[in-house]
Amino acid sequence: MKLTEAIEEKEYIIKKIDTDDEELDAFLFSLGCYSGEAITVISHLKSGCIVSIKDGRYNIDKELAEAIIVG
Amino acid sequence: MNIVLAGNPNVGKSTLFNALTGLKQHTGNWSGKTVDSACGTYFHNNKKFVITDVPGSYSLKAKSHDEAVARMMISSEDVDCVVVVCDANAIERNFNLALQICELTSRVIICVNFADEAERTGTKINIDILERIMNVPVVRINARKKRGFSELFERVANYDKASPIKVSYGYDIENAVRKIEKVLNSIKLNINLRYISLRLLENDNEMWEYVKEHTENNSILYQKLTDVYEEVIKCLRCKGISHDEIRERIALNISATACRICSVAVSFSDRTFSTKEKLADKIFTGKITGFVVMLLLLSVVFYITLSGSNVISEFLSEMLFSSENKIALFMEKVGLPDFCIEMFVHGGYRVLAWVIAVMLPPMAIFFPLFTILEDVGYLPRIAFNLDRAFKKCNACGKQALTTCMGFGCNAVGITGSRIINSPRERLIAILTNSFIPCNGRFPAILCLITVFFASGENRVIASMWLLLVIIIAVFTSMIASYILSHTVLKGIPSSFALELPRFRKPQFGEIVVRSLLSRTLKVLWRAIVVSFPAGVLLWIVLNITIADKTLVAYVVNFFEPIGKMMGLDGTVFTAFLLGIPANEIVLPVAMMLYSSGACLIPDAGIASVSTLLSSNGWNLCTAVCAVMFFIMHWPCATSLLTVKKETGSIKWTFLAFALPTLFGIAVCSVVNLLFCMIL
């Protein structure tokens with residue numbers, strides 16, 4: 001499912017980054033956001049969500065959140 | 001020795017830089033604060049170190065401006081040592097970059113910043129193990145508290161060539177790298193060959209360009225390289241490894257190595273964020289609470305600014321204007337001619353005194369308060385709150401950050417727009433930045449509000465009005481962004497991710513005092529170089545008469561129609577024109593122009609403004625229009641020059657001039673019309 005549907009405060013494993021935008025993919029990668037990594041949604045918001053990946057917290061917008069497929 | 005400070009964004013590179021060099025690079029608790037590299041010197045045991053501060057980046061892919069800059073700086077031959085600053089709180093991600101840098105150069109020292117802070121939250125880093133694994137010097141520092149510097153420089157000074165840990169990418173890729181490296185060996189290149197080979201394998205365009213440049217007079221060699229490359233790629237493809245797969249394997253191996261290093265050298269007792277921080281973020285970025293908190297914080301800031309600046313302002317004007325006569329008397333004693341005294345005292349000195357007494361205090365209070373918010377880490381949260389609004393305008397959410405910087409100085413906001421990667425969105429941010437009232441215009445608006453909207457001592461009402469004005473300013477900048485993105489800069493907004501930094505206690509002693517001093521000195525300097533000559537010039541123009549009318553009268557008369565149309569008059573319009581070098585002088589110049597006509601001499605602070613303005617026909621409508629025009633008019637010369645520098649185009653610079661001007665004329669005219677209809 002998409003990250004936008006994830007339950008808050010629950011740890012998920014990233015299945016895949018679903019995007020054609022290579023740059024975006026590379027950027028997410030450098031943050032540690034790629035398949036196999038754990039991700040937790042701290043809170044959902046209308047415009048996106050706040051996630052915690054490894055030791056960092058980021059706010060990502062809706063499009064990005066929709067590109068992250070978790071399981 | 002030449003040293004470069006590199007690392008992820010917001011790990012404290014600039015703080016370290018300032019602590020070492022004594023320079024005043026602006027620092028803030030958010031990613032992307034530094035957009036330009038800075039240079040400074042540091043002496044340790046009588047040895048000179050030249051230190052360069054590089055904008056932070058998450059990787060060295062050279063996809064965006066900051067990454068390209070970082071890569072170029074690190075790989076430069078002149079650099080004797082690269083100090084990689086890592087944030088102990090996010091050590092694994094930081095090591096990702098550290099490993100990439102180790103690949104690019106072997107002259108690396110790793111600095112672990114905030115190690116003590118991380119220990120408190122349960123992250124223990126074993127420096128000795130880390131040093132053994134990485135095979136480069138690792139030093140614990142705390143840049144804010146200036147700890148660990150002597151050890152760092154001991155290590156830098158005695159730096160011996162090391163061979164840092166190499167990430168291995170598996171048999172297939174390593175094999176390919178070796179083959180390419182062999183060919184590269186016969187080309188004279190300044191970058192690590194393994195690094196080049198890896199980037200070529202990833203089909204990195206910039207690296208191909210680089211190799212091409214260095215083989216210009218040897219096309220056979222280049223041909224040989226491309227042949228080997230084709231062969232290697234074909235070989236990999238046979239095994240089912242495509243370009244994308246290569247890229248992924250390289251990236252995965254780096255982060256896997258970083259992960260492995262951390263699992264050995266770092267122990268976490270608690271990896272989750274404290275509930276306190278989580279709760280804080282829920283409030284600060286909540287749908288409704290986020291906005292409530294934002295408005296509340298702003299009104300508090302405005303309230304403090306208003307109350308504080310009144311006191312200082314009164315004191316300063318008392319002091320400065322009372323010494324006016326003394327200076328005149330002194331000059332008379334020295335024996336200067338009358339017109340000279342008049343020119344310097346009633347011209348130059350008076351405008352100077354005005355700028356210092358009325359314009360300086362609000363800036364001196366507002367800016368440090370703003371710095372506190374920035375230092376705590378509140379700015380990225382504002383960006384998040386406003387993201388949706390900016391998205392609706394088809395602009396980048398990061399524009400909220402440049403908007404915030406615009407409150408300090410529009411030129412800084414314009415330069416800061418470099419954090420926006422998309423060129424289209426960057427241009428929007430640059431062109432609309434001057435809608436935000438900067439420190440030069442803010443006090444003038446504040447002054448008008450205290451005179452016309454909040455009579456007496458009611459500062460709560462005054463700060464509410466000020467808040468409204470600021471909201472209008474931000475809102476118009478959004479409307480302008482919307483118009484731009486639907487006409488000349490069409491496109492869809494790109495998505496972005498912004499790191500939410502940890503909340504940190506602001507460094508009251510360090511940053512706040514520094515921002516107060518540097519701001520105050522900067523304004524004082526501007527006051528001297530701009531307002532004093534402007535005052536002298538103005539006095540001259542006011543006293544030269546052609547056919548019974550002063551020179552200025554002609555100008556004022558010329559602009560009278562357009563001024564009247566906008567609910568103002570020719571005098572104010574002229575003052576705005578004269579304020580192009582620095583917006584601080586607009587109000588003082590207007591005062592002077594008025595006083596020369598009505599023979600009223602403004603020799604006291606805000607109190608005299610009220611009488612002077614109303615005796616010259618100002619009413620509520622004039623005040624509203626003037627405030628609007630303060631928000632929306634041509635940017636100051638510094639801003640325009642910065643736009644020219646950032647965009648490199650006269651066309652965009654012209655648009656940056658025309659856009660707010662047209663907005664201002666239109667809005668003021670409408671407001672004037674509305675007032676005429678009602679009254």
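If you go through the range B:102-128 one residue at a time, how many are within 22 Å of B:Thr15 (Cβ to Cβ) and surrounded by fewer than 23 Cβ atoms within 10 Å (Cβ to Cβ)? Full working, then the answer.
Taking the range B:102-128 and keeping what is within 22 Å of B:Thr15 (Cβ to Cβ), we get B:108-121, B:123, B:125, B:127.
In the following step, the residues that additionally are surrounded by fewer than 23 Cβ atoms within 10 Å (Cβ to Cβ) were identified as B:109, B:116-121, B:123, B:125, B:127.
The qualifying residues number 10.
Return the residue satisfying two criteria in turn: it lies in the range B:278-310 and is touching a residue at least 12 places away in the same chain (Cβ under 8 Å), β-branched (Val, Ile, Thr) and away from every other protein chain (no Cβ under 12 Å), and of such residues it is surrounded by the most Cβ atoms within 10 Å (Cβ to Cβ).
Only one residue tops the list, namely B:Thr305.
Within 14 Å of chain A (Cβ to nearest Cβ), open to solvent by less than 30 Å² (accessible area, probe 1.4 Å), within 30 Å of A:Lys46 (Cα to Cα) and assigned to a helix (DSSP H, G or I): is that true of B:Asp375 in this structure? Steps first, answer last, please.
Values: within 14 Å of chain A (Cβ to nearest Cβ): no; open to solvent by less than 30 Å² (accessible area, probe 1.4 Å): yes; within 30 Å of A:Lys46 (Cα to Cα): yes; assigned to a helix (DSSP H, G or I): yes.
No.
Within the set of pairs 6 or more residues apart or between chains, which connect a residue that is farther than 13 Å from B:Leu431 by Cα inside the range B:472-492 to a residue that is of a type in the set (Val, Ile, Thr) and in a helix (DSSP H, G or I) with Cβ atoms less than 6 Å apart?
That search, which allows pairs on different chains as well, returns B:Ala473/B:Ile631.
For the range B:337-353, which residues satisfy the criterion of being surrounded by 15 or more Cβ atoms within 10 Å (Cβ to Cβ), farther than 13 Å from B:Ile540 by Cα and free of Cβ contacts under 8 Å to residues at least 40 places away in the same chain?
Correct list: B:Ala353 only.
May I ask you to verify whether B:Ser299 is closer than 19 Å to B:Ile470 by Cβ, out of contact with any His (no Cβ under 7 Å at 6 or more places or on another chain) and of a type in the set (Ser, Thr, Tyr)?
Working: closer than 19 Å to B:Ile470 by Cβ: yes; out of contact with any His (no Cβ under 7 Å at 6 or more places or on another chain): yes; of a type in the set (Ser, Thr, Tyr): yes.
When the stated conditions are applied, B:Ser299 passes them.
A quick yes/no check of all residues on (1) among the basic types (Lys, Arg); (2) part of a loop (DSSP other than H, G, I, E, B); (3) under 16 Å from B:Gly413 (Cβ atoms):
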residue: B:Cys621; (1), (2), (3): no, no, no
residue: B:Met628; (1), (2), (3): no, no, no
residue: B:Pro635; (1), (2), (3): no, yes, yes
residue: B:Ser639; (1), (2), (3): no, no, yes
residue: B:Val643; (1), (2), (3): no, no, yes
residue: B:Glu646; (1), (2), (3): no, no, yes
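Taking the criterion of being farther than 19 Å from B:Leu489 by Cβ and β-branched (Val, Ile, Thr), would at least one residue in the range B:397-410 satisfy it?
no
Select from the range B:206-230 the residues that are without any contact (Cβ under 8 Å) to a residue 60 or more places away in the chain and acidic (Asp, Glu) and list them in ascending order.
Selection gives B:Glu209, B:Glu213, B:Glu216, B:Asp227, B:Glu230.
Can you find a residue that is of a type in the set (A, V, I, L, M), closer than 25 Å to B:Leu620 by Cα and in contact (Cβ under 8 Å) with a residue 60 or more places away in the chain anywhere in the range B:549-560?
For the range B:549-560, residues of a type in the set (A, V, I, L, M), closer than 25 Å to B:Leu620 by Cα and in contact (Cβ under 8 Å) with a residue 60 or more places away in the chain: absent.
Out of all the residues in the range B:110-132, is one or more of a type in the set (Val, Ile, Thr), closer than 28 Å to B:Glu77 by Cβ and either outside any helix (DSSP H, G or I) or within 14 Å of chain A (Cβ to nearest Cβ) (or both)?
Going residue by residue through the range B:110-132, those that are of a type in the set (Val, Ile, Thr) are B:110, B:112, B:121, B:123, B:125, B:127, B:129.
Then keep just the ones that are closer than 28 Å to B:Glu77 by Cβ; that gives B:110, B:112.
Checking which are either outside any helix (DSSP H, G or I) or within 14 Å of chain A (Cβ to nearest Cβ) (or both) leaves us with B:110, B:112.
The answer is yes, given that some residue of the range B:110-132 is of a type in the set (Val, Ile, Thr), closer than 28 Å to B:Glu77 by Cβ and either outside any helix (DSSP H, G or I) or within 14 Å of chain A (Cβ to nearest Cβ) (or both).
Here are some residues: A:Ile42, A:Ile13, A:Ile53. Which one is at pLDDT 80 or above and either touching a helix residue (DSSP H, G or I) at 6+ places or on another chain (Cβ under 8 Å) or within 8 Å of another protein chain (Cβ to nearest Cβ) (or both)? If you could, list the steps in order and put the result at the bottom.
Details: A:Ile13 fails: either touching a helix residue (DSSP H, G or I) at 6+ places or on another chain (Cβ under 8 Å) or within 8 Å of another protein chain (Cβ to nearest Cβ) (or both); A:Ile53 fails: either touching a helix residue (DSSP H, G or I) at 6+ places or on another chain (Cβ under 8 Å) or within 8 Å of another protein chain (Cβ to nearest Cβ) (or both).
The match here is A:Ile42.
In the range A:1-33, which residues are open to solvent by 80 Å² or more (accessible area, probe 1.4 Å), of a type outside the set (Lys, Arg) and out of contact with any Gly (no Cβ under 8 Å at 6 or more places or on another chain)?
A:Glu5, A:Ile7, A:Glu9, A:Glu11, A:Asp18, A:Asp20, A:Glu22, A:Glu23
Do we have any residue at all in the range B:529-539 that's in contact with a strand residue (DSSP E or B) (Cβ under 7 Å, 6 or more places away or on another chain) and either open to solvent by 60 Å² or more (accessible area, probe 1.4 Å) or over 23 Å from B:Gly440 (Cα atoms) (or both)?
The initial filter retains those residues of the range B:529-539 that are in contact with a strand residue (DSSP E or B) (Cβ under 7 Å, 6 or more places away or on another chain), namely none.
No, because not a single residue in the range B:529-539 is in contact with a strand residue (DSSP E or B) (Cβ under 7 Å, 6 or more places away or on another chain) and either open to solvent by 60 Å² or more (accessible area, probe 1.4 Å) or over 23 Å from B:Gly440 (Cα atoms) (or both).
Please specify each residue of the range B:11-52 satisfying the condition of being open to solvent by 10 Å² or more (accessible area, probe 1.4 Å), touching a helix residue (DSSP H, G or I) at 6+ places or on another chain (Cβ under 9 Å), assigned to a loop (DSSP other than H, G, I, E, B) and among the polar types (S, T, N, Q).
If the condition is that a residue be open to solvent by 10 Å² or more (accessible area, probe 1.4 Å), touching a helix residue (DSSP H, G or I) at 6+ places or on another chain (Cβ under 9 Å), assigned to a loop (DSSP other than H, G, I, E, B) and among the polar types (S, T, N, Q), then B:Gln25, B:Thr27, B:Ser31, B:Thr34, B:Ser37, B:Asn45 are the ones that fit.
Within the range A:51-70, does at least one residue satisfy the condition of being hydroxyl-bearing (Ser, Thr, Tyr) and open to solvent by less than 10 Å² (accessible area, probe 1.4 Å)? Lay out the reasoning, then the answer.
Kept after step one, since they are hydroxyl-bearing (Ser, Thr, Tyr), are these residues of the range A:51-70: A:52, A:58.
Within this subset, residues satisfying the condition of being open to solvent by less than 10 Å² (accessible area, probe 1.4 Å) are A:58.
Yes, the range A:51-70 contains at least one residue that is hydroxyl-bearing (Ser, Thr, Tyr) and open to solvent by less than 10 Å² (accessible area, probe 1.4 Å).
Looking for whichever is polar (S, T, N, Q), in a helix (DSSP H, G or I) and within 22 Å of B:Glu77 (Cβ to Cβ) here; the options are B:Ser186, B:Ser197. Which one fits? Walk me through how you get there before you give the answer.
Working: B:Ser186 fails: in a helix (DSSP H, G or I).
One residue alone meets the criteria, B:Ser197.
The values are calculated or read from the model by the stated rules, or taken from the named source; none is laboratory data. Everything numeric in this text was worked out from a predicted model, so none of it was measured. Virtual Cβ from ideal backbone geometry, glycine too; neighbours counted across all protein chains shown. Side chains are part of the model used for accessible areas, which takes the heavy atoms of the whole protein and leaves out ligands, DNA and RNA. Shrake-Rupley method; radii C 1.70, N 1.55, O 1.52, S 1.80 Å.
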